[in-house]
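The values are calculated or read from the model by the stated rules, or taken from the named source; none is laboratory data. The structure presented is a predicted model; accordingly, all values stated were derived computationally and were not measured. Backbone-built Cβ (ideal geometry, glycine too); neighbour counts: all protein chains shown. We work out accessible area using only protein heavy atoms, side chains counted, and drop any ligands, DNA or RNA first. Shrake-Rupley method; radii C 1.70, N 1.55, O 1.52, S 1.80 Å.
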Amino acid sequence: MKMTKIIVAAAAALTVGTMAFALDGRTVMQNADDVKKPAFTRAQVQMILIEKSGAKEVRVIDEWGKNEGGLSTVVMQFNTPASVKGTRFSQKENASGPDTKFIFLPDVGTVRPVAASQGSSSFMGSDATYDDMSTRAVDADTHELLAETEAKNGFANCAKVKSTPKDLKEAQYAYRISWVDKDTWVPVYVEMYSKKTGKICKVLEVKSLKVIKGYPTPLVNEMTNLETGHKTQLVMSEERLKFDEPINPAYFSKGFLQNGKVSK
C-alpha cells in the first residue's frame, strides 16, 4: 500500500459492488490503484511513534494534496514537537519514472531532493521508508490471486493477492501479500517480506475505514516493524479533513517548502 496515499486519505475510492466475474491478481491491484481520488485534500494527521517498550511520541502534521490528470502531489508540514517543527516534505507522482521528492529540514536550512539511494531510509523516524511512500506501478510486479474472498482484519470481503517484483534488485521487499477490501478496493492489510530472511518484516493495517463524502477513507493506520517491535500509527482528524475544496497553488511550490509561507 502506498504510504503517502494513506497519510493524505487519497487512497479513497467510490464504493463499488463486488465484481460479478472471476478476478485475477493483477485486476485486483489495478482496481486498488485506479480508485477515484479527490481533486484536493486537506488534512491534519497525528503520527504516533510507538517504541517496543510502549513509550510514545506524537507528531502533528498538516497536509495538502491535489490530483491532476490521475497524478497526485502531497505536501506535509510537521508542527509538533519542537524537534521536528518546521520540517516540510513534498512528493509528486510522475507519469513515468519515480516520484519526485523534496524535504526541508530547519537545521539544514534549505530544500533538498530526496535521492533514490535514500529509498530504504526511514521517513522522519517512522516505520515507513521513502520507498514505502513511493508510487509503485502495478506492472512492476506480478500478482497472484491467493484467495478471491477471505475475511481479514475485520473486513469480510477481501481478495488476497501476492505481489512479487519483476526486478528484485530495485525492490525493497521480496514480495507483498495484500488483502484488498472488494467493497472499496482499499488494501486493508499488507504483509511485507524481507529479501534477506524471506520472513514477514512489516505489517500495514487499516484500523478504521469510513466513507466520507463518497470516499472510503482510512482514518487510522498502523505499520509494525516485526524485526524491531516499533510501530507507527497515523490518525487522521475527521473534523479537519476536507475533500474537493480548492487549495492555493502556492502550497505546492518550492517557496512554501523553503519558508512555510503562503501569500493570501
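Some notes on this structure:
- Looking across the stretch 190-227, the residues that are more than 20 Å from ALA128 (Cβ to Cβ) and either surrounded by fewer than 19 Cβ atoms within 10 Å (Cβ to Cβ) or within 14 Å of the chain's Cα centre (by Cα) (or both) come down to GLY198, LYS210, VAL211, ILE212, LYS213, GLY214.
- Among the residues of the stretch 242-251, those that are touching a Phe, Trp or Tyr at 6+ places or on another chain (Cβ under 7 Å) and outside any loop (DSSP other than H, G, I, E, B) comprise PHE243, ALA250, TYR251.
- Complete set of residues in the stretch 83-102 that are of a type in the set (A, V, I, L, M, F, W, C) and either within 14 Å of SER134 (Cβ to Cβ) or open to solvent by 40 Å² or more (accessible area, probe 1.4 Å) (or both): PHE89, ALA95, PHE102
- Flag for ALA95 being out of contact with any helix residue (DSSP H, G or I) (no Cβ under 7 Å at 6 or more places or on another chain), in contact (Cβ under 8 Å) with a residue 60 or more places away in the chain, of a type in the set (A, V, I, L, M, F, W, C) and under 28 Å from LYS166 (Cα atoms): no
- From the list ALA156, ALA151, ALA115, the one residue that fits, being within 30 Å of GLN44 (Cβ to Cβ), surrounded by fewer than 16 Cβ atoms within 10 Å (Cβ to Cβ) and free of Cβ contacts under 8 Å to residues at least 12 places away in the same chain, is ALA115.
- Residue that is surrounded by the fewest Cβ atoms within 10 Å (Cβ to Cβ), among those in the stretch 166-189 that are closer than 17 Å to ASP24 by Cβ, in contact (Cβ under 8 Å) with a residue 60 or more places away in the chain and not hydrophobic (A, V, I, L, M, F, W, C): LYS182
- Scope the stretch 135-165; condition within 11 Å of GLY25 (Cα to Cα) and outside any strand (DSSP E or B); matching residues: VAL138
- Single condition MET124 does not satisfy, out of (1) in a strand (DSSP E or B); (2) surrounded by 15 or more Cβ atoms within 10 Å (Cβ to Cβ): (1)
- Of residues in the stretch 231-241 being under 18 Å from the mean Cα position of the chain (by Cα) and touching a residue at least 40 places away in the same chain (Cβ under 8 Å), the one farthest from VAL190 (Cα to Cα): LEU241
- Applying the set (1) buried (at least 18 other Cβ atoms within 10 Å of the Cβ); (2) over 29 Å from TRP179 (Cβ atoms) to THR80 leaves exactly one unmet item: (1).
- Search result, residues across the stretch 176-191 that are in contact with a helix residue (DSSP H, G or I) (Cβ under 9 Å, 6 or more places away or on another chain) and not charged (D, E, K, R): SER178, VAL180, TRP185, VAL186, PRO187
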